[in-house]
1. DSSP loop trypsin sites (Lys or Arg not before Pro) in region 126-187 with at most 12 other Cβ atoms within 10 Å of their Cβ, which ones?
2. Among Met32, Met114, which comes first, second and so on when ranked by fewest other beta-carbon atoms within 10 Å?
3. What is the set of long-range amide H partners of Val21 at a cut-off below 5 Å, with H atoms built 1.01 Å from backbone N?
4. In straight Cα distance, which aspartates and glutamates are under 18 Å from Lys172, not counting same-chain residues fewer than 8 positions off?
5. Taking each pair of distinct Cα atoms in region 170-257 once, what is the resulting Kirkwood hydrodynamic radius in Å?
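The numbers here are math on the coordinates, done by the rules we state, and not lab data. On a predicted model such as this, the values are computed, not experimentally measured, just so you know. With ideal geometry, Cβ positions are generated from the backbone for all residues, glycine too; neighbour counts draw on all protein chains shown.
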Amino acid sequence: MHDLRIRRIAEHATDGGRLKVTLTQLWYLSRMSNQVWDAKPARGIRPGVRWLVAAPLALLLLVVGNLVHGAVGTIGVTAAVVVVVVAASVMRYRPASKAWWNITPSESAFRQAMTGPWRTAYKGLPPGVVDDGPRAPAARESLAVRPEAVILCTDHAVAVFLRINGIPASLKARLVEAEPATAHEALAEVPAGLPVVVLHDADALGALLAPLLRLARPDRVVVDAGLPVAAVRTRRGAVHRVSTTSTVDAADLRSVAGLAEEDAAWLAGGRWSPLAAVPPPRLESVVTAAVERALSARPAELRSTDGFLTWPAEAPTPAGGPSRTKGAPPG
């Protein structure tokens, strides 16, 4: 993390100053590493139970070893030592651990550095970078007089990115920002005849969003332009995170969203990847193509398994070291 590196990443993210990007997007692009650890079940036997059995048995073997001479006594003493060693190490209790993820630097540390020392030293954020934090003023959107499409976005950083660059207005689209759980209610406020482009993270609720919207409104064109799990699940350099509140079953993801078994299991386990980590120029081009497709499509032409967004052919590797995704903690 140093000034020249941040400026270089910001220059690339803004496409040479053509676009404006958010601090969240810059954070993902500036990460030094990304690690994920899977949940582990409890192993071994609790100490109270373990020693309740091992201690009397070891004591009995020691008594036998001292009372009986010769080979039998030696075996008894040796067996007592083995019982103690097994009880102390092999059968040692290891509590269950939840899945865990880490991005270096953390989002809070990165935001504090950029809005604190950086802003103080340079009198502002890097050129083209906008603060999308909760205390930042809301970005203004130039509304199309007569919108021809709707962009439904479930990621706040991506919604801010679209607004500050005037992308919805240039596409004659209305931007609607909503959580997946409230997306259906949010769409009730827009004209029924407008086609909808859905932008979402590669997560369980996002994968189900477009198919469920199609089921609820079969007369409406719904284009899934979200980040597909197949594009990031095994890709080196993709950002992986873990949610501990995922309650979506893998069977539902397979039947409703049409996901492959490996992708459904990955999402059902709480894994996900943020749409905001996609390079901004690529994100802009995908949204543009998705809106154009929605305007020319008919509801019957779209299937629940349609996924539009793919990861760039050449994902940039963060300077200072590649992003790492691990299935087990070190050591």
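1. Details: sites: Arg135, Arg140, Arg163, Lys172, Arg174; in loops: Arg135, Arg140, Lys172.
Answer in residue order: Arg135, Arg140.
2. On the way: Met32 16, Met114 21.
Least to most surrounded, the residues fall as Met32, Met114.
3. Residues meeting the amide H criterion: Val129, Val130.
4. Correct list for Lys172: Glu141, Glu148, Glu189, Glu284, Glu292.
5. Taking every pair of different Cα atoms in region 170-257, averaging 1/r and inverting gives 14.3 Å.
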